[in-house]
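Laboratory data are not the source of any read-out in this text; all were calculated from the coordinates shown. Just so we're clear, the structure is a prediction, and the values are computed from it rather than from any experiment. Here the Cβ is made from the backbone with ideal geometry for all residues, glycine too, and neighbour counts use every protein chain on show.
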Amino acid sequence: MKNKLIKNVKQKFEELFSSPKVVVFSPGRINLIGEHTDYNDGFAFPAAINKGIALAIAKTENEKSTAFAIDKDESFSFYLTDVAPLNKGGWQNYILGVIGELQKKGIELGNFNLVFSGNIPGGAGMSSSAALENSVVFALNELFQLGLSKNEMILISQKAEHNYAGVHCGIMDQYASMFGEKKSALLMDCHSISSEAFQINFKNYKLVLINTNVKHDLSESAYNNRRAVCERVSKLLKVKALRDATIQDLNRIKSQLKEEDYQKALYVIQENIRVRAFMKAIENQDLKTVGELLYQSHEGLSQQYQVSCAELDFLVEFAKKSDAVIGARMMGGGFGGCTLNLVHKKELKSFKKEVSHAFKNEFQKDCSIYKVKLSKGTHVVD
Ligand code: GAF
């Protein structure tokens, strides 16, 4: 699949322009546990996956730069002197965002052409936008020899998301997509923006994503709203971020909070504790605890943090009732997208059949199921 994407972008580039100078691949991500903790300076456990975006690029003498999205069959040309978010921009804003943020740092670019294509399902909570941002910044860094470090690049990607897509995201997605390692997940400390890689081996269990194919329109504003709640509570607690607070600290100011805000802050503090417990369980190969922590994380996201939806809750409840699954939870920002499931390899086939059938029965629409491999982060390809 990856090789096919790379072949396609090269071919298309040759057809539209000439030979590409640099070709990069930037992956999407999963997150084992630690959801909505990143913008609270907390812990998360993401991994890059074998689905992503391939992008080919070269300089041009033209007075405009051009980007071509193979999957949309859309082309977009722009002046580098006139970079601003488009009102109805989709993929274009991620590209403009990276350029705009580079320019804000005083970095001057020459004109270029680029072509990209990807296989990360959109709106599935697998970070297709972070993969696109990272592919653009990484390719520009190579092409113009900008000398940016990976950390500098992911911060530019994140700013592009804030200022051009309007999502005040944390750093997890861009980090995992940039720094991912084969067969490993990254135990991230989002305060220091650093990580430790852990080899992941779920023995007889496979990681399976089930996509509800739901994307709620309000997900961006609801996401920003969750972040604002956490910042309000941190201010009351007089800490920089919820990472620095304990449950006892939170209980001390409980009377000053609306119950729903208390629950949200409590969720974040508890989820941070769960990430570390999860890491220990992985080290001890204790899959029972791994599974329980996944279910607890989902419960918190659904009931306390309120970022789930009927379809996600249905899938997790279904997983709970199935002997084939030891743990499941919603993944990513929420309000739709995927659940992550640990399914026994011997029962994978029957589980897939049963869950697809049950989902269709309940919602009169299809879910999609993917197996994923943990893979390396953004890189140049030959
Ligand atoms: C989205 C955001 F982009 C991430 O930064 C993170 O907050 C995630 O939702 C929730 O954990 O993917």
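Annotations for the structure displayed:
- Dipole in debye (nearest 20) - region 205-371, about Cα centre, beta carbon charges: Lys, Arg +1; Asp, Glu -1: 400 debye
- Peptides 50-56, 303-309, 323-329 ordered by packing proxy, namely the average of other Cβ atoms within 10 Å per residue, highest first: 50-56, 323-329, 303-309.
- Only helices enter this figure: runs of n ≥ 4 DSSP H residues, each worth -39500 (n - 2.57), summed and divided by the residues of the chain, yield -13000 deg cm²/dmol at 222 nm to the nearest 500.
- Residues with amide H under 5 Å from that of Gly28, placed H, sequence gap 5 or more: Ile49, Lys51, Gly52, Ile53
- Other residues within the sphere of radius under 10 Å centred on the Cβ of Met126, judged by their own Cβ, net out at +1 (K and R +1, D and E -1).
- Applying 1/(1 + (r/R0)^6) with R0 = 22 Å to the Cβ-Cβ distance of Asn225 and Gln263 gives a FRET efficiency near 0.95.
- Distance violations [Cα-Cα > 26 Å] among Lys59/Lys373; Lys72/Lys104; Lys21/Lys376; Lys2/Lys321; Lys254/Lys320: Lys59/Lys373; Lys72/Lys104; Lys2/Lys321; Lys254/Lys320
- Between Ile253 and Lys373, the contour length at 0.36 nm per residue exceeds the Cα-Cα span by 38.9 nm.
- Note on region 5-152: with charges restricted to the Cβ of Lys and Arg (+1) and Asp and Glu (-1), its dipole about the Cα centre is near 260 debye.
- FRET efficiency, 1/(1 + (r/R0)^6) with R0 41 Å, evaluated for Gln285 and Gln145 via beta carbons: 0.35
- Among the trypsin sites (Lys or Arg not before Pro) within region 144-223, those in coil by DSSP and having at most 10 neighbouring Cβ atoms inside 10 Å are Lys203.
- Net charge in the neighbourhood of Gln304 (other residues with Cβ under 12 Å of its Cβ; Lys, Arg +1, Asp, Glu -1) is -4.
- The dipole here belongs to the chain: it is taken about the Cα centre, uses +1 on the Cβ of Lys and Arg and -1 on the Cβ of Asp and Glu, and is about 900 debye.
- For Thr81, net neighbour charge (Lys/Arg +1, Asp/Glu -1) across residues whose Cβ lies under 12 Å away: -2
- For Arg329, distant residues with modelled amide H under 5 Å away: Leu340
- Farthest positive-ward along region 205-371 dipole, Cα basis, beta-carbon charges - from Phe363, Val343, Asn213: Val343
- Using every pair of distinct Cα positions in the chain, the Kirkwood expression returns a hydrodynamic radius of 21.3 angstrom.
- Antiparallel DSSP beta bridges within the chain, percent to nearest 5: 95 percent
- Across Ser157, Ser302, Ser127, mean-square fluctuation computed from a Gaussian network of the chain (C-alpha pairs under 10 Å connected) peaks at Ser302.
- Region 348-382 and region 230-245: distance between their alpha carbon centers, rounded to Å: 37 Å
- Whole-Hz ³J(HN,Hα) from phi, Karplus 6.51 cos²θ - 1.76 cosθ + 1.60, for region 230-235, glycine and proline x: 4, 5, 4, 5, 4, 4
- Loop-located chymotrypsin sites (Phe, Trp or Tyr not before Pro) in region 56-148 whose Cβ has at most 13 other Cβ within 10 Å (DSSP): Tyr79
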